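*Asks:* Dropping a structure here in structure tokens format, bear with me for questions.
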């Protein structure tokens, strides 16, 4: 996968995450099966304790995707995240649980 293709994939994931987040706030259209929708479905199903902090989870996930897009962490990394949004979500939540995380 080329660097440009990888960047486009990360951009698509960021847009999908934003669309799913806005749809859950009643400010956008639902896109069933989309990457962001799958991520939030996993949040609701497997990590319900984080639902009160959905805004923080969304913000942290967007920041991580943006950093990955700019740093291009390696061939096929984006494709791996695309296939398994639940793994990316677990990483986001793990980092948010760390002692240095602040939602502010």
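*Asks:* Being exposed (fewer than 15 other Cβ atoms within 10 Å of the Cβ) and outside any helix (DSSP H, G or I) is the filter here; which residues of segment 32-62 pass it? Give the derivation first.
*Replies:* We begin by selecting, within segment 32-62, every residue exposed (fewer than 15 other Cβ atoms within 10 Å of the Cβ); these are 32-33, 44-46, 48-49, 51-52, 55.
Matches in segment 32-62: 32, 33.
*Asks:* Of the residues 34, 28, 78, which single one is closer than 13 Å to residue 17 by Cα, at pLDDT below 95 and under 14 Å from the mean Cα position of the chain (by Cα)? If you could, list the steps in order and put the result at the bottom.
*Replies:* Working: 28 fails: under 14 Å from the mean Cα position of the chain (by Cα); 78 fails: closer than 13 Å to residue 17 by Cα.
The conditions single out 34.
The values are calculated or read from the model by the stated rules, or taken from the named source; none is laboratory data. Since the structure is predicted, the reported quantities are computational estimates derived from the model, not experimental observations. FYI the Cβ positions are ideal-geometry reconstructions off the backbone, even for glycines, and counts take in every protein chain you see.
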